[in-house]
Amino acid sequence: FQGKKNIVIAFYAAAFTGGWERELVGFQQRYPEFETLNTEIIATSVDLYPAQRAFGDHCGVTFMMGTSYPNQEIPKAFGVYNEERATDQRVTFIIDTEGIIRHVIEDAQDMDRHPREALEVIQSWSSA
């Protein structure tokens, strides 16, 4: 996507959890707005891909669902892998078209914050 699209990468602990379902649906509800702002969303966890895809289908997701299984290289590279729990932390990165991380949302409690704030950040770029 570098040079072409902004990217929102949303890391989360596990598929089929209530908190993540709420956050995932929040991203999906805003997805058309993200698309108009030249932004792709990638949601990822350590789950196996079949579980990820089933969860995405369950939530009606049309954007990318990724997995870091079996080696967790991606969450480790972003510093969000929890070795003790063998899961990703709930962190969202907003990356511009040049591949630069411009904003990070770290909040394990407010499930609505990640999709709302990510959209607000990207909207602020287009109005600047």
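The values are calculated or read from the model by the stated rules, or taken from the named source; none is laboratory data. Note that the coordinates shown come from a computational prediction; the quantities given were computed from them, not determined experimentally. No Cβ is skipped: glycine too gets one built from the backbone with ideal geometry, and neighbour counts run over all protein chains shown. SASA here: full protein model, heavy atoms, side chains in, ligands and nucleic acids out. Shrake-Rupley method; radii C 1.70, N 1.55, O 1.52, S 1.80 Å.
Can you say whether Ala51 is outside any strand (DSSP E or B), farther than 27 Å from Gly3 by Cβ and at pLDDT below 95, as far as the supplied structure shows? Walk me through how you get there before you give the answer.
Values: outside any strand (DSSP E or B): yes; farther than 27 Å from Gly3 by Cβ: yes; at pLDDT below 95: yes.
Yes, satisfied.
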- request: List every residue pair whose Cβ atoms lie under 7 Å apart, where the two residues are 6 or more positions apart in sequence or sit on different chains, the first residue falls within the range 90-111 and is in contact (Cβ under 8 Å) with a residue 12 or more places away in the chain, and the second residue, located anywhere, is of a type in the set (Ser, Thr, Tyr).
  value: Arg90/Tyr12; Ile105/Thr92
message: Restricting to the range 106-128, name every residue that is among the small types (Gly, Ala, Ser), open to solvent by 20 Å² or more (accessible area, probe 1.4 Å) and not in a loop (DSSP other than H, G, I, E, B).
response: Ser124, Ser126, Ser127
message: If the requirement is being open to solvent by less than 40 Å² (accessible area, probe 1.4 Å) and over 15 Å from the mean Cα position of the chain (by Cα), which of these qualifies: Ala43, Ala51, Ala15, Ala10?
response: Ala51
task: Specify the residue that is nearest to Ser45 (Cα to Cα); the eligible residues are those in the range 73-105 that are assigned to a strand (DSSP E or B) and open to solvent by 70 Å² or more (accessible area, probe 1.4 Å).
output: Ile101
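Conditions tested, residue by residue: (1) part of a strand (DSSP E or B); (2) of a type in the set (Gly, Ala, Ser); (3) touching a residue at least 60 places away in the same chain (Cβ under 8 Å).
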| residue | (1), (2), (3) |
| --- | --- |
| Ala13 | no, yes, yes |
| Gly26 | no, yes, yes |
| Val61 | no, no, no |
| Met65 | yes, no, no |
query: Of (1) within 15 Å of the chain's Cα centre (by Cα); (2) modelled with pLDDT of 90 or more, Thr97 satisfies all except one. Which?
result: (1)
field: Conditions (1) farther than 16 Å from Phe11 by Cα; (2) of a type outside the set (D, E, K, R); (3) touching a Lys or Arg at 6+ places or on another chain (Cβ under 9 Å); number of the one not met by Ile105
entry: (1)
- prompt: Which of (1) in contact with a helix residue (DSSP H, G or I) (Cβ under 7 Å, 6 or more places away or on another chain); (2) crowded, with 19+ Cβ neighbours inside 10 Å; (3) of a type in the set (Val, Ile, Thr) is the odd one out, the single condition Thr62 does not satisfy?
  reply: (2)
